[in-house]
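The structure under discussion appears below in the form of structure tokens.
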Amino acid sequence: MKALVTGGTGFLGAALVRTLCDSGWEVIYTARRQVPATQVPSAATFMPCDLASSGATDILVQAMAGADVVFHTAAKTGVWGRRRDFMATNLAGTEAVLAACAAYNTNGAGDTGRAVSATPPVLVHTSSPSVCFDGLDHRRAGPDLPRGTRFSCAYPESKARAEEAVEQAWQSGPLLGCILRPHLIYGPGDPHLLPRIVDRARSGRLRRIGAGDNEVSLCFIEHAVAAHISAAKKLLADGRAATCAKRSYFIADSEPVLLWPWIDELLLEAGLAPVERSLSRRRATLIGTLCEVLWRALPLRGEPPMTRFVAGELATSHSYDMGPARRELGYEPRVSPERARQLALADLRARGLLP
């Protein structure tokens, strides 16, 4: 089997490339720049590509020559930044992937020396549950949860528009695929979630937002990778008869957690003090609104310490039902929550982020 992984140097993308190579797949990955072989195996072929550039489609057409699957994991993430930058990578970048699939189907892949399939490779598109975030509690939500219509942050808006582009491609052409929405990915190599929690806790800047009883789904990195590969195998094996074809799935660990007790337990195991100070959601939202105004007006560098989106995310429940992914993808999260936390903490210590 041959796979193209966009964003192959990111947290999820690199883990996916490593697992595919270990399983005997032929892998090409794209990213803006290459990383050391300690992060991505030398067995994988690197092809530089900035998805926001005008030449992205042509590069992707070459990269997906002979590919059975395209895993589109590339994305600009974050809770702050210019809307046009998020749209350029997350929406226009997805449109470039879709255009390459269409060109591959109709025109072939150029002078590659490979036979060209009659249909494009299947597409496993990585999205985010934040496309459904509307500020309300979502407990054990299923795939029928509608996308949001109003967004306080450019990232979920851009990912929602990208999902719409993928769905439009499904309706207008032969492209076959599905959308996966892993939630709060953590584990070895995590550059965002746990390092940020630990950093804020060590500096005394971590605050509990809301009542502290919100239920949240998390996704261990190994589970996110397994879900992507399971989806690809289902699509390749069953084609248009696949139950997962043209559908969206939330991906997470087997059971959700109570967010703030989970964070406290993590901090205690890391040798740090649990969260002691708190803010009401209303106050956090007001602070976030003020920070956004200041960061835009002055402008200030970096991310604001609080935004409306972050206040809402930290105060509400957003947990998801894994039943559909289990039944239709064959997805099965196998790492226990305790083991996943131990592996994540060991990785933070190995990277010098914990003593």
| task | Kindly indicate whether any position in the range 30-37 is within 18 Å of PRO121 (Cβ to Cβ) and surrounded by fewer than 22 Cβ atoms within 10 Å (Cβ to Cβ). | result | no
| task | Please specify each residue of the range 176-213 satisfying the condition of being part of a helix (DSSP H, G or I) and not charged (D, E, K, R). | result | LEU193, LEU194, PRO195, ILE197, VAL198, ALA201
| message | Within the range 6-13, does at least one residue satisfy the condition of being at pLDDT 95 or above, in contact with a His (Cβ under 8 Å, 6 or more places away or on another chain) and aromatic (Phe, Trp, Tyr)? | response | yes
| So how many residues does the range 1-54 have that are assigned to a helix (DSSP H, G or I) and among the hydroxyl-bearing types (Ser, Thr, Tyr)? | 1
| field | Count of the range 243-299 residues which are basic (Lys, Arg) and touching an Asp or Glu at 6+ places or on another chain (Cβ under 9 Å) | value | 2
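Among the helices (runs of 4 or more DSSP H) contained in the range 249-355, which hold 2 or more residues that are of a type in the set (A, V, I, L, M) and in contact (Cβ under 8 Å) with a residue 60 or more places away in the chain? Please lay out each step first, then the result.
Numbers: elements: 259-269, 281-297, 308-315, 323-329, 337-350.
The helices (runs of 4 or more DSSP H) meeting that bar are 259-269, 308-315, 323-329, 337-350.
One line per residue, one yes/no per condition, for (1) hydroxyl-bearing (Ser, Thr, Tyr); (2) surrounded by 20 or more Cβ atoms within 10 Å (Cβ to Cβ):
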{"position": "LEU266", "(1), (2)": "no, yes"}
{"position": "GLY271", "(1), (2)": "no, no"}
{"position": "LEU286", "(1), (2)": "no, no"}
{"position": "PRO299", "(1), (2)": "no, no"}
{"position": "GLU303", "(1), (2)": "no, no"}
{"position": "THR307", "(1), (2)": "yes, yes"}
{"position": "LEU314", "(1), (2)": "no, yes"}
{"position": "TYR331", "(1), (2)": "yes, yes"}
| query | Do we have VAL61 as among the β-branched types (Val, Ile, Thr), farther than 25 Å from LEU193 by Cβ and either modelled with pLDDT under 95 or assigned to a loop (DSSP other than H, G, I, E, B) (or both) here? | reply | yes
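For the range 227-246, give me the residue count where each residue is within 21 Å of the chain's Cα centre (by Cα) and either modelled with pLDDT under 95 or crowded, with 19+ Cβ neighbours inside 10 Å (or both). Write out each step before concluding.
Quick first cut of the range 227-246, residues within 21 Å of the chain's Cα centre (by Cα) only: 227-235, 244-246.
Next, from what is left, pick out any that are either modelled with pLDDT under 95 or crowded, with 19+ Cβ neighbours inside 10 Å (or both): 227-232, 234-235, 244.
Within the range 227-246, residues that are within 21 Å of the chain's Cα centre (by Cα) and either modelled with pLDDT under 95 or crowded, with 19+ Cβ neighbours inside 10 Å (or both) number 9.
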| Somewhere in the range 157-175, is a residue surrounded by fewer than 22 Cβ atoms within 10 Å (Cβ to Cβ) and part of a strand (DSSP E or B)? | no
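The values are calculated or read from the model by the stated rules, or taken from the named source; none is laboratory data. None of the values given here were measured: they were computed from a predicted structure. With ideal geometry, Cβ positions are generated from the backbone for all residues, glycine too; neighbour counts draw on all protein chains shown.
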